[in-house]
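One structure is given below, encoded as structure tokens.
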Amino acid sequence: MKIEDLYDIFRKFPEITTDSRDVRENSIFFALKGESFDGNNYAVESVRKGAAYAVIDSKMVYDNADGDVKDRLILTSDVLLTLQALANYHRCQLGTTIIGVTGTNGKTTTKELIAAVLSKKYKVLYTQGNFNNHIGVPKTLLRLTDEHQIAVVEMGANHPGEIKTLVNIVQPDYGIITNVGKAHLLGFGSFEGVIKTKGELYDYLREDSGTVFINNDNEHLRKISTGLRLIRYGRGEDKELLVRGELVSCNPFLTFTWNVCPSVYSPMEVKTRLVGAYNLDNALAAACVGTLFAVSPEDISDAIREYIPSNNRSQLVKTEDNSLVVDAYNANPTSMAAALENFRLMTVQHKMAVLGDMKELGNVSLTEHENVIKSLLNSDFEMVCLVGDEFRKAAETIDEAFFTNNRHFLSFKDVNALTDYLKDNKPKGMTILIKGSNSTHLTDAVGCF
């Protein structure tokens, strides 16, 4: 079937699902395959549950289907590629203005802040949660309707070439790389590999005469941004900045000032619900995008002020006994260092850190976990709980003298061991940073504090 014919069907039945358990009446089921499942095996069932059509790539399933079901099976050579092609075709037919967002850290928060700002003036579609991969991105695009004026699409990657694949599907008009850092080094091979892959967004926009919003303070991004139309934001005094901002405080919530350059009014102060000074760059990115799209400074400030983070990203959680800074959705050396530095700067008494393993670091994992532990030596944390095998290995390589000076370090095999310990040793009156990769499941311990 030609993509144009499939698109005609999609316009009649615009709800897409890739999970047979979530099939709705008159939806289209795409039978994707994974390491431990094959959606083709559920295609007939999906049609019988009410799906208008099922897109499959198994000729055996097609040949063995009953006549009434077979008429609603669409046989393709590759379901995933068909889903991506349909999403791209839909994007091109609508012609919606699209802003592509990627980066090592902060891309989800930046995407949501940009969407919040633009929503003050426009009908905006944006990536839900972190549906930012080769499946989530096309599903996001297929949610576009004629009503949407702008889309903000997040794109993630943990291997070379993945951003290139996604930008060719999305074909963004504007792009932003929040930053580049040490993450997914097992897949990328090196920090240089991270820069090259994230820079694939710039490569596409360079060839397509697109526009980039750039943090002018980031040397790595400036180096790879030649030949692009740049809309700059930052904290410096560069005369080419469109938006400039300054940190006021972060105790625990970020407060900052910002204005449009050249300044035509006094800087506006914004008290956010974001924990972490590192979120200043994310907020300035949103202000920069909003300014270019003619959202008023007052509406920009209100949108950032009203935004409340979720999904365990820089959240402040109050329990009966403690205050928790929960940043446990993801962790890598760059984001871990930023979180710890911000926590050090918080003027609160009785600090405690609960740190989970940083995943996918390859052969530098031991060194990077050792670096985190050593960085804690000059902190004022009263207790540090290290969770996971990577931190355990790193702790074993460090001299016991490091674990002195009124500091108590504990190491736990996993989050279950941590929660068992907390049953009889619950801290009280503490401000606690909880930071680690999502796969360490530190959020399971939040209720124990």
Among the residues in region 84-96, are any in contact with a helix residue (DSSP H, G or I) (Cβ under 8 Å, 6 or more places away or on another chain), modelled with pLDDT under 95 and not aliphatic (A, V, I, L, M)? no
Do we find a residue being of a type in the set (D, E) and in contact (Cβ under 8 Å) with a residue 40 or more places away in the chain anywhere in region 302-311? yes
Subset of region 380-400, residues open to solvent by 40 Å² or more (accessible area, probe 1.4 Å) and in contact with a helix residue (DSSP H, G or I) (Cβ under 8 Å, 6 or more places away or on another chain), comes to D380, E390, K393, T397
Consider G189 carefully, then state whether it is at pLDDT below 95, touching a Phe, Trp or Tyr at 6+ places or on another chain (Cβ under 9 Å) and of a type outside the set (A, V, I, L, M). no
Among E298, E246, E237, which is assigned to a loop (DSSP other than H, G, I, E, B), open to solvent by 60 Å² or more (accessible area, probe 1.4 Å) and of a type in the set (D, E, K, R)? E237
Considering only residues that are under 17 Å from the mean Cα position of the chain (by Cα) and open to solvent by less than 50 Å² (accessible area, probe 1.4 Å), look in region 159-169 and name the one that is nearest to E192 (Cα to Cα). I163
Matching residues, region 263-277, being within 19 Å of the chain's Cα centre (by Cα) and assigned to a loop (DSSP other than H, G, I, E, B): G276, A277
Complete set of residues in region 396-421 that are modelled with pLDDT under 95, of a type in the set (A, V, I, L, M) and closer than 21 Å to N322 by Cβ: L410
Starting from residues that are among the hydroxyl-bearing types (S, T, Y) and under 18 Å from T97 (Cβ atoms), keep the ones in region 194-213 and report whichever is least open to solvent (accessible area, probe 1.4 Å). T211
Can you give me the number of residues within region 19-35 that are touching a residue at least 24 places away in the same chain (Cβ under 8 Å) and open to solvent by 90 Å² or more (accessible area, probe 1.4 Å)? 3
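Criterion first (within 24 Å of C448 (Cα to Cα) and of a type outside the set (D, E)) does H408 satisfy it?
Taking the combined requirement at face value, the residue satisfies it.
Considering region 171-186 alone, what residues qualify as being modelled with pLDDT of 85 or more and more than 17 Å from the chain's Cα centre (by Cα)?
Result: Q171, P172, D173, Y174.
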If the Cβ limit is 8 Å and pairs must be 6+ apart or interchain, which residue in region 252-269 that is at pLDDT 90 or above pairs with which residue that is assigned to a loop (DSSP other than H, G, I, E, B) and surrounded by 13 or more Cβ atoms within 10 Å (Cβ to Cβ)? L254/G276; L254/A277; T257/P267; W258/P267; N259/P267
Take the residues of region 301-334 that are modelled with pLDDT of 90 or more, among the hydroxyl-bearing types (S, T, Y) and part of a loop (DSSP other than H, G, I, E, B): which is least open to solvent (accessible area, probe 1.4 Å)? Y307
Residues within region 350-369 that are out of contact with any helix residue (DSSP H, G or I) (no Cβ under 8 Å at 6 or more places or on another chain) and open to solvent by less than 10 Å² (accessible area, probe 1.4 Å), tallied: 1
Does region 372-379 contain at least one residue that is in a loop (DSSP other than H, G, I, E, B), in contact with a strand residue (DSSP E or B) (Cβ under 8 Å, 6 or more places away or on another chain), crowded, with 19+ Cβ neighbours inside 10 Å and at pLDDT 90 or above? no
Filter pass, G290 being farther than 26 Å from K121 by Cα and either open to solvent by 10 Å² or more (accessible area, probe 1.4 Å) or touching a helix residue (DSSP H, G or I) at 6+ places or on another chain (Cβ under 8 Å) (or both): no
Subset tally (residues that are open to solvent by less than 10 Å² (accessible area, probe 1.4 Å) and outside any loop (DSSP other than H, G, I, E, B)) for region 170-182: 4
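Let's see how each residue does on (1) touching a Pro at 6+ places or on another chain (Cβ under 9 Å); (2) among the small types (G, A, S); (3) buried (at least 22 other Cβ atoms within 10 Å of the Cβ):
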{"position": "T104", "(1), (2), (3)": "no, no, yes"}
{"position": "K107", "(1), (2), (3)": "no, no, yes"}
{"position": "T145", "(1), (2), (3)": "yes, no, no"}
{"position": "I150", "(1), (2), (3)": "no, no, yes"}
{"position": "E192", "(1), (2), (3)": "no, no, no"}
{"position": "N215", "(1), (2), (3)": "no, no, yes"}
Does any residue of region 114-134 turn out to be open to solvent by 50 Å² or more (accessible area, probe 1.4 Å) and in contact with a His (Cβ under 6 Å, 6 or more places away or on another chain)? yes
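I need the full set of residues from region 335-351 which are part of a helix (DSSP H, G or I) and among the polar types (S, T, N, Q), in order please.
S335, N342
The values are calculated or read from the model by the stated rules, or taken from the named source; none is laboratory data. What you are looking at is a predicted structure, and each value in this text was computed from that prediction instead of being measured. Quick reminder, even Gly has a Cβ in these numbers, built from the backbone with ideal geometry, and neighbours come from all protein chains shown. Note: accessible area is taken over every heavy atom of the protein model, side chains too, but ligands, DNA and RNA are not part of it. Shrake-Rupley method; radii C 1.70, N 1.55, O 1.52, S 1.80 Å.
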